[in-house]
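**Student:** Here it is: the structure, laid out below.
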Amino acid sequence: MSEIEEPQVLRRDIKVLTMKLLSALKEFYTFKELEEMLGLPYQVLWRYTNFLTTPEEGTARRILRLIREKRLIESALERNFERIKSVSDIWEVVKNIGFLDLIAFEAMEALEGVEFDAVLAFPEESGVLGAVIAHWARSDVCVTSRLVSIGEALVEYYRDSSLSLNFLAISKNCLPRKGRVVLATLMLHNREVLEASIALVKKNSSTPIALIAVFAYPGENWEEVLRNRGIARYRVFKYVNLPR
């Protein structure tokens, strides 16, 4: 991307995008640090992050350019990734809404030019991720559940890591029929779970077009698995090999 380009999905919201991104970044940088890196008084930044003042379009573009040039998003994410030494650490990281906002912003860039109707989050622990991505994309969100009544749901079975039979389910009205759907998950670790989520989308006569995963175990060739199922766009933020 050139220095003045913004994600196509969000281009019409350049001012709001800038305020939302600054609000997320303040979870990882002090106002003094942002003042020095972005060349704006901290009082102005405070007003932007609290949605009290809207930046001019030229100012918003310059802020986004500086954020990219100085790799503020990448540094913030990497700082959090370095904290992960066990699976429990993952939950400590993803509970920060600012972290998920940065993931969603980066996801929008990965999906630049892709039109979609809904985000399907799987399994249910990934619901907050799906909701944040859907909020940034102005799309609907659907979260798989183990509590939906079988008679009122679309269901797909799979084998979990212990080889026990498990299932993903969604309400029949959760996804738009014949819609375009982005899959979202906090942890990509079981190919059968991924395949079950893809099958759920197709059962609704919809098309899975992309995948966003915050973490993934490196044991599978995820790119090949996705390509074989017709999904060409995907983004995995961090591969982790942790004790399960």
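The values are calculated or read from the model by the stated rules, or taken from the named source; none is laboratory data. Fair warning: this is a prediction, and the values are worked out from it, not measured in the lab. Quick reminder, even Gly has a Cβ in these numbers, built from the backbone with ideal geometry, and neighbours come from all protein chains shown.
**Student:** How do the pairs read when you match residues in region 80-94 that are small (Gly, Ala, Ser) with residues anywhere that are surrounded by 14 or more Cβ atoms within 10 Å (Cβ to Cβ), using Cβ under 9 Å and keeping only pairs 6 or more apart or on different chains?
**Tutor:** The qualifying pairs are 86/242.
**Student:** Considering each of 14, 63 in turn, give the residue that is outside the structural domain of residue 108 (by TED's automatic domain parsing), at pLDDT 95 or above, outside any loop (DSSP other than H, G, I, E, B) and closer than 17 Å to residue 109 by Cα.
**Tutor:** Only one candidate passes the filter, namely 63.
**Student:** Name the residues in region 204-227 that are acidic (Asp, Glu) and assigned to a helix (DSSP H, G or I), would you?
**Tutor:** Listed by number, the residues that qualify are 223, 224.
**Student:** Next question. Restricting attention to region 142-167, and to residues there that are under 20 Å from the mean Cα position of the chain (by Cα) and either within 30 Å of residue 15 (Cβ to Cβ) or part of a strand (DSSP E or B) (or both), which single residue is modelled with the lowest pLDDT? Reasoning before the result, please.
**Tutor:** At the first step, the residues of region 142-167 found to be under 20 Å from the mean Cα position of the chain (by Cα) are 142-145.
With either within 30 Å of residue 15 (Cβ to Cβ) or part of a strand (DSSP E or B) (or both) added as a condition, the list becomes 142-143, 145.
On the way: 142: 96, 143: 95, 145: 88.
If we take residues in region 142-167 being under 20 Å from the mean Cα position of the chain (by Cα) and either within 30 Å of residue 15 (Cβ to Cβ) or part of a strand (DSSP E or B) (or both), then 145 is modelled with the lowest pLDDT.
**Student:** Continuing with the same structure: Being free of Cβ contacts under 8 Å to residues at least 60 places away in the same chain, more than 24 Å from residue 84 (Cβ to Cβ) and within 19 Å of the chain's Cα centre (by Cα): is that true of residue 139 here?
**Tutor:** So residue 139 fits the description; yes.
**Student:** Only one of these is in a helix (DSSP H, G or I), closer than 24 Å to residue 88 by Cβ, touching an Asp or Glu at 6+ places or on another chain (Cβ under 7 Å) and of a type outside the set (Asp, Glu): 132, 193. Name it. Walk me through it before giving the result.
**Tutor:** Numbers: 193 fails: touching an Asp or Glu at 6+ places or on another chain (Cβ under 7 Å).
Of the residues listed, the single one that is in a helix (DSSP H, G or I), closer than 24 Å to residue 88 by Cβ, touching an Asp or Glu at 6+ places or on another chain (Cβ under 7 Å) and of a type outside the set (Asp, Glu) is 132.
**Student:** Test each condition in (1) surrounded by 22 or more Cβ atoms within 10 Å (Cβ to Cβ); (2) not in a helix (DSSP H, G or I) for residue 201 and report the one that comes out false.
**Tutor:** Failed condition: (2).
**Student:** Output the residue which, of all residues in region 24-45 that are touching a residue at least 40 places away in the same chain (Cβ under 8 Å) and buried (at least 17 other Cβ atoms within 10 Å of the Cβ), is farthest from the chain's Cα centre (by Cα).
**Tutor:** Looking at residues that are touching a residue at least 40 places away in the same chain (Cβ under 8 Å) and buried (at least 17 other Cβ atoms within 10 Å of the Cβ), I get 29.
**Student:** Go through region 168-192 residue by residue and tally those that are at pLDDT 90 or above and touching a helix residue (DSSP H, G or I) at 6+ places or on another chain (Cβ under 8 Å).
**Tutor:** Residues in region 168-192 being at pLDDT 90 or above and touching a helix residue (DSSP H, G or I) at 6+ places or on another chain (Cβ under 8 Å): 13 in total.
**Student:** Does region 93-115 contain any residue that is in a helix (DSSP H, G or I), more than 13 Å from the chain's Cα centre (by Cα), assigned by TED's automatic domain parsing to the domain that holds residue 143 and among the acidic types (Asp, Glu)?
**Tutor:** There is no residue in region 93-115 that is in a helix (DSSP H, G or I), more than 13 Å from the chain's Cα centre (by Cα), assigned by TED's automatic domain parsing to the domain that holds residue 143 and among the acidic types (Asp, Glu).
**Student:** Among the residues of region 47-74, write down those that are farther than 28 Å from residue 237 by Cβ and among the acidic types (Asp, Glu).
**Tutor:** Within region 47-74, 56, 57 meet the criteria.
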